[in-house]
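To start, the structure under review is shown below, and the notes come after it.
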Amino acid sequence: VPDSRKALAQMASAWYGNPSTELSLVGVTGTNGKTTIATLLHQIHQKMGFRAGLISTIKVLIGEESLPATHTTPDPLQIQAALRAMADAGCEYCFMEVSSHAIDQERTAALDFNGGIFTNLSRDHLDYHKDFREYLNVKKRFFDQLPEDAFALVNIDDKNGKVMLQNCRAEKHSYSLRSMCDFRGKITEMHLEGSAMEINGHEVWVKLPGRFNAANLLCAYGTSILLGWHPDDVITALSELNPVAGRFETYRSAKGITAIVDYAHTPDALQNMLDTIHEVNTGGGEIITVVGAGGNRDRGKRPLMARIVASGSHKLILTSDNPRDEDPELILNDMMEGVPVQMQDRTMRIVNREEAIRTACIIAGEKDIILVAGKGHEKTQEIAGELRAFDDMEILKQNLKG
């Protein structure tokens, strides 16, 4: 065959009886926000009384049944097996993350998508793609391949949103917090516990804080409308949604210290995270950030990440993320190149991630905010080829209790 990857996807679909044709399948692609949007859409449809499936970085859900996830987008055999299980279990919808790796490797070939979503695009995965242009073109390929009877919903607050719609045959729609579009949102109040929003003339209080979450919720609203639901029902569902594990997940100690765990591991995601924390930091406490960068991945983003975190934090602790097969000290050397001179006396290097989190808890005072970024929902840490049990939030709770 000319392309064995595509052939595998086609055979897998045929083997499982082409299950994507039995579901309303919506794919979510972009650098940040994929997991949150897919999970919110799953929550919305479950709340509205429908059985729905989810394929995400965190887990695979077949209705209420949860299976562990190994990749953001699994291989074609796993995807088709999961979709068949969803269809057989009576699911009518499936919301799945579509990574650039998956598009490039034809993992999503032979899937019958009813809709495609674009969130945003910023530097990531350049260890895999040659450059940013190739990364963008791979994402665009997903929209180029959508059928005419599908919809494409893009974030036009990102300049690449309109690029995704070029040559796209699907019905085109947009969402924005800043511009005129099909689905327009505005934040009217923002707090650590959530935000008040106005969406297409409807007012709603949501339990997810921050501008990036407002965009995610707006996208979930637009997608639900495009799937045929009444605005009042969707707004009601939005008000009941809970935060996604490891995405701006908060814990408040008895001493008044707030801890936040987030999966942010790109320069853009870290900037969004710190901007949000500054906006909701009404108590005026210091922001202490614990962050690292993954090993065997794009080295170029390490100093960029460190520079952004240094500029947005009062104190910075650089530590290990998933070092994989790299020397963690060398990863921290790369990150230190991005720390401005004036911030270096407020920056610590602590290779052991547990010790780094413990140190942040020791130096934090009342009203301070600790951000632990990079691993989010992950329950393991990969060091020298070995997976070890590790949970950022559990370690924070252990060190902040009492």
**Prompt:** Within the stretch 292-299, can one find any residue that is part of a helix (DSSP H, G or I) and surrounded by 24 or more Cβ atoms within 10 Å (Cβ to Cβ)?
**Reply:** no
**Request:** Filter the stretch 235-270 for residues that are assigned to a loop (DSSP other than H, G, I, E, B) and among the aliphatic types (A, V, I, L, M) and give the result.
**Result:** 241, 244, 245, 254, 257, 264
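A quick yes/no check of all residues on (1) open to solvent by less than 10 Å² (accessible area, probe 1.4 Å); (2) part of a helix (DSSP H, G or I):
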{"residue": "173", "(1), (2)": "no, no"}
{"residue": "184", "(1), (2)": "no, no"}
{"residue": "188", "(1), (2)": "no, no"}
{"residue": "203", "(1), (2)": "no, no"}
{"residue": "212", "(1), (2)": "no, yes"}
{"residue": "220", "(1), (2)": "yes, yes"}
**Message:** For the stretch 78-112, which positions are closer than 22 Å to residue 32 by Cα, open to solvent by less than 20 Å² (accessible area, probe 1.4 Å) and either in contact with a Lys or Arg (Cβ under 6 Å, 6 or more places away or on another chain) or touching a residue at least 60 places away in the same chain (Cβ under 8 Å) (or both)?
**Reply:** 79, 94, 95, 96, 97, 98, 99, 100, 103, 108
**Request:** For residues that are touching a strand residue (DSSP E or B) at 6+ places or on another chain (Cβ under 6 Å), without any contact (Cβ under 8 Å) to a residue 60 or more places away in the chain and not in a loop (DSSP other than H, G, I, E, B), tally how many sit in the stretch 148-171.
**Result:** 6
**Request:** Report, by residue number, each residue of the stretch 39-98 that is under 23 Å from residue 375 (Cβ atoms) and among the acidic types (Asp, Glu).
**Result:** 97
**Prompt:** Does any residue in the stretch 1-17 that is more than 16 Å from residue 86 (Cβ to Cβ) come within less than 6 Å, Cβ to Cβ, of a residue that is assigned to a helix (DSSP H, G or I) and open to solvent by less than 80 Å² (accessible area, probe 1.4 Å) six or more places away or on a different chain, and which pairs are these?
**Reply:** 1/7; 8/76; 9/76
**Complete:** Inside the stretch 328-353, the number of residues satisfying the requirement of being of a type in the set (Asp, Glu), in contact (Cβ under 8 Å) with a residue 24 or more places away in the chain and open to solvent by 70 Å² or more (accessible area, probe 1.4 Å) is 1
**Message:** Residue pairs, Cβ under 7 Å, 6 or more apart or interchain, first in the stretch 216-236 and in contact (Cβ under 8 Å) with a residue 60 or more places away in the chain, second surrounded by 19 or more Cβ atoms within 10 Å (Cβ to Cβ) and of a type in the set (S, T, N, Q). List them.
**Reply:** 216/36; 219/119; 219/155; 227/24; 234/224
**Request:** Tell me which residues, restricted to the stretch 81-101, are over 26 Å from residue 31 (Cβ atoms) and in a helix (DSSP H, G or I).
**Result:** 81, 84, 85, 86, 87, 88
**Message:** For the list (1) surrounded by fewer than 18 Cβ atoms within 10 Å (Cβ to Cβ); (2) closer than 16 Å to residue 250 by Cβ; (3) acidic (Asp, Glu), I need the number of the one condition that residue 368 fails.
**Reply:** (1)
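If you go through the stretch 190-201 one residue at a time, how many are small (Gly, Ala, Ser) and in a loop (DSSP other than H, G, I, E, B)?
Number satisfying all stated conditions: 1.
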**Message:** From the list 389, 384, 360, exactly one residue is crowded, with 21+ Cβ neighbours inside 10 Å and not β-branched (Val, Ile, Thr). Which is it?
**Reply:** 360
**Item:** Yes/no for residue 275 being farther than 22 Å from residue 320 by Cα, open to solvent by 40 Å² or more (accessible area, probe 1.4 Å) and either acidic (Asp, Glu) or at pLDDT 95 or above (or both)
**Value:** yes
**Prompt:** When you go through 21, 36, 72 one by one, which is the residue that is closer than 26 Å to residue 221 by Cα and either in a loop (DSSP other than H, G, I, E, B) or free of Cβ contacts under 8 Å to residues at least 24 places away in the same chain (or both)?
**Reply:** 72
**Prompt:** When only residues in the stretch 39-57 that are touching a strand residue (DSSP E or B) at 6+ places or on another chain (Cβ under 9 Å) and either of a type in the set (Phe, Trp, Tyr) or not in a helix (DSSP H, G or I) (or both) count, which is surrounded by the fewest Cβ atoms within 10 Å (Cβ to Cβ)?
**Reply:** 51
**Prompt:** How many residues does the stretch 324-360 hold that are touching a strand residue (DSSP E or B) at 6+ places or on another chain (Cβ under 7 Å) and either closer than 17 Å to residue 393 by Cβ or part of a loop (DSSP other than H, G, I, E, B) (or both)?
**Reply:** 7
**Prompt:** Can you name the number of the only condition in (1) part of a helix (DSSP H, G or I); (2) within 24 Å of the chain's Cα centre (by Cα) that residue 321 fails?
**Reply:** (1)
**Asked** Would it be correct to say that residue 75 is modelled with pLDDT of 95 or more and open to solvent by 20 Å² or more (accessible area, probe 1.4 Å)?
**Response** no
**Message:** Going residue by residue through the stretch 62-72, is there one that turns out to be within 12 Å of residue 27 (Cβ to Cβ), within 20 Å of the chain's Cα centre (by Cα), open to solvent by 10 Å² or more (accessible area, probe 1.4 Å) and among the β-branched types (Val, Ile, Thr)?
**Reply:** yes
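The values are calculated or read from the model by the stated rules, or taken from the named source; none is laboratory data. Please read these numbers as outputs of a predicted model, since none were measured by experiment. Glycine also receives a Cβ, built like all others from the backbone with ideal geometry; neighbour counts cover every protein chain displayed. The area values use the complete protein model at the heavy-atom level, side chains included, leaving out ligands, DNA and RNA. Shrake-Rupley method; radii C 1.70, N 1.55, O 1.52, S 1.80 Å.
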